[in-house]
Amino acid sequence: MNENDKKGRILIVDDEESMQEFLDIMLSREGYEVQTVGSFRGATNILAETEFDVVISDIKMPGGSGIELLKKARSMYPSITVIMMTAYASLQTAVEALREGAYDYITKPFEISQIKYAISRAFENKRLRDENRILKQKIRSGGTIDDFIAVSKAGRELKDLVKKIAPSDSSVLVTGESGTGKEVVAKAIHSISSRRDGPFLAINCGAVPEQLLESELFGHKKGSFTGAIKDKIGLLEAATGGTFLLDEVGTTSPAIQIKLLRALEEREIIAVGATQPTKIDVRLIAATNSNLEAMVLDGTFRDDLYYRLNVFHIHIPPLRERREDILPIANHILKTIAARTEELPKIIDESAAQIIENAPWKGNVRELENALERASLMAEGNIINAKHLPESLRSATPTEQQRHPLHSISDEHLPTIETMEKAYIYWVLSMNDWKKARAAEILGIDVSTLYRKIEKYDLKDLEAD
Ligand SMILES: Nc1ncnc2c1ncn2[C@@H]1O[C@H](COP(=O)(O)OP(=O)(O)OP(=O)(O)O)[C@@H](O)[C@H]1O
Ligand SMILES: [Mg+2]
């Protein structure tokens, strides 16, 4: 049987050699391309290089559990189908395996018919998942300009810019720290462009192994590398008539960068293993949280590609630089959570609002989302208060009191200048161990004047004995 006629690729992971051999012989005879390996490490090395349709893995093996392998395989290849085997029939591990996304679970010893049946079902499942790959992305991509909440001046300007550049067909580079909303902006652009009825597809270039990234983007021909069992259409072609988001574009290798440049310049791509180019009709949006300009300067990112992507540039400032947006976005998030849980949106009370508004939000909107998800679970009633927010946030946030000491004094109790002077002199003295010369210097008065004021206000070092 010719390699290209194989039914599909299976990786068998088991430390027992007799089991490897048994499955290898049986499944090869069935027309599958089979590879075997005896350890966790060996399996992850093979997976990093080759894509498999199905993995059959023992749960207990040297160097790491089958469940860990399952998680790893699924993070690398979302549509991979994994069957777990174990000699110890424990309901608990079975449940855990299925919860982590194992497709099926069989106990040793098993009948040949049992494994054959499990595998044919697994392949059917893989085929459906592949078909769904593009379909699912299309559904997930719903998002409109209204999903981008902006109240601050910077936020509103950004939204105006999005509206202005959306109708053109030029590439857009979206930059901003992690979690600032780059994907939201990309979807918003698509949703108000003339391509809005076409697909919006995306790939996170940083999350996919290089060989897979190339075939995901450009597609491949059957037989072009081990594992390429049938032709596969690339996402850039699948996005015809629509928009494609190249997320984390700063992580792409030089080889991919060249191919992307060609796609932009010639409006055509060459699938892996193909001889003829294919025309594409797609608008590219690239997003990155790295400094591409610096990468161009140090030679890690092609300048010609950078200029092609950067026809329009949208920079999303971090949340802490547009604090007016924080509470409106927080309320929007609470509404989304409420819609999902079919409850009324929770309300942020004053104590929580102060912290939320002033927190550093290093992880930007995504961190805010996580904090609110958690607070919603912690809050028993309908109100979110300061205690429901993570401790780290509470201690990192200067309170309004600390930022503006006078903020909380109400109108009828406004202090006089004398009271303020007394308090201020006392404060400077106590901060300087009551060293009068030093305090006078800071206060900008003579030492003799300071002595007079100390007497006038009857100031004493209360800690001295
Ligand atoms: N202005 C906004 N209004 C409402 N929701 C927002 C806004 N900005 C971001 N979000 C929400 O915050 C989350 C993170 O946004 P997104 O995934 O677009 O960020 P990102 O910049 O792509 O992050 P990363 O760099 O981690 O990929 C999303 O759930 C998104 O819906
Ligand atoms: Mg993103």
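The values are calculated or read from the model by the stated rules, or taken from the named source; none is laboratory data. Only a predicted model underlies this, so the values are computations on that prediction, with no experimental measurement involved. Because the Cβ atoms are built from the backbone with ideal geometry, glycine has one as well, and the counts that use them run over all protein chains shown.
Observations on the model:
- Unique residue being surrounded by fewer than 21 Cβ atoms within 10 Å (Cβ to Cβ) and touching a Phe, Trp or Tyr at 6+ places or on another chain (Cβ under 9 Å) when the list is GLY242, GLY223: GLY242
- Lone unmet requirement of (1) surrounded by 14 or more Cβ atoms within 10 Å (Cβ to Cβ); (2) more than 16 Å from ligand 2 (Cβ to nearest atom) for THR288: (2)
- Scanning the stretch 151-175 for residues that are within 14 Å of ligand 1 (Cβ to nearest atom) and surrounded by 20 or more Cβ atoms within 10 Å (Cβ to Cβ) yields GLY155, LEU158, VAL162, VAL172, LEU173, VAL174, THR175.
- ASP146 out of contact with any Asp or Glu (no Cβ under 8 Å at 6 or more places or on another chain) and within 10 Å of ligand 1 (Cβ to nearest atom): yes
- Residue ID - modelled with the highest pLDDT, chosen from residues in the stretch 109-142 that are within 20 Å of ASP197 (Cα to Cα) and outside any helix (DSSP H, G or I): GLY142
- Those residues of the stretch 77-95 which are crowded, with 17+ Cβ neighbours inside 10 Å and not hydroxyl-bearing (Ser, Thr, Tyr), in sequence order: ILE80, VAL82, ILE83, MET84, MET85, ALA94
- First in the stretch 339-355 and modelled with pLDDT under 85, second anywhere and not in a helix (DSSP H, G or I), Cβ under 9 Å, 6 or more apart: ALA339/PRO345; GLU343/ASN382; LEU344/ASN382
- Residue match in the stretch 372-381 (condition: within 16 Å of ligand 2 (Cβ to nearest atom), surrounded by 15 or more Cβ atoms within 10 Å (Cβ to Cβ), in the same structural domain as SER395 (by TED's automatic domain parsing) and at pLDDT 90 or above): no
- Exclusive hit being surrounded by fewer than 17 Cβ atoms within 10 Å (Cβ to Cβ) and either aromatic (Phe, Trp, Tyr) or touching a residue at least 60 places away in the same chain (Cβ under 8 Å) (or both), set PRO328, PRO318: PRO328
- Selection status of ILE285, within 14 Å of ligand 1 (Cβ to nearest atom), under 16 Å from VAL185 (Cβ atoms), touching a residue at least 12 places away in the same chain (Cβ under 8 Å) and among the β-branched types (Val, Ile, Thr): yes
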